Ligand SMILES: NC(=O)c1ccc[n+]([C@@H]2O[C@H](COP(=O)([O-])OP(=O)(O)OC[C@H]3O[C@@H](n4cnc5c(N)ncnc54)[C@H](OP(=O)(O)O)[C@@H]3O)[C@@H](O)[C@H]2O)c1
């Protein structure tokens, strides 16, 4: 079973986005995010995929959409399937990317072929996948921002195990790693009972 993590950047007031964009730009956090996720699978909602605007290179991009034939996604996906063997992530070079579309969280997680998978947003996907994850990499930006997308309170079945400073100047930024407690309620496992539209 792959390990599944949330990776999220939040403001002090738990804002994560505004008008389908990130309300900030911090190179320290972007570098951290890239280093953490390269070579792994990133799982995201359709709106976050559209906000990023392109698949993230060097990663298997899994996009969640309930629309089985989302035209824009399907077009991008078809284009990217020209990569020799998109099913074998090992065949991808770091500059290449693959996109696969799934119609349920369970099917997406069930199809992960890398040791780690990172759920990278947005708000709807974070809220609905907390019960699946082994840990949370939460970038804390020490400032309030206006926004319309929020990260939920970290549930008490996670414990803070490590804090890493990313930036000292204002606003201060650090990354808190939360791990699922050993005695936490059983982690939800995934099945492949629904049909994937990969
Ligand atoms: N700060 C951060 O770290 C961070 C990270 C990522 C995103 N964000 C921000 O978050 C905001 C976007 O979040 P959001 O909640 O609006 O959108 P989202 O979570 O990115 O995407 C929602 C879409 O995902 C699909 N979806 C959701 N649940 C699904 C399920 N169970 N099965 C299949 N598909 C499912 C649906 O797509 P269809 O409508 O196509 O069915 C839904 O409309 C933006 O502002 C973005 O910038 C912030």
**Asked** Ranked by Cβ crowding within 10 angstrom, fewest neighbours first, how are 132, 5 ordered?
**Response** 132, 5
**Request:** Pop a pseudo-label 7 angstrom from the Cα along the beta-carbon direction at both residue 38 and residue 177 and give the gap in nm to one decimal.
**Result:** 1.8
**Message:** Starting from the 7 Å offset along Cα-to-Cβ, what nm value, one decimal, do you get for the label separation of residue 169 and residue 31?
**Reply:** 1.3
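No lab work stands behind these numbers, since they all come straight from the coordinates. Keep in mind that what you see is a predicted model, and the values were worked out from it rather than measured. All Cβ positions, even for glycine, are placed from backbone atoms using ideal geometry, and neighbour counts span all protein chains on display.
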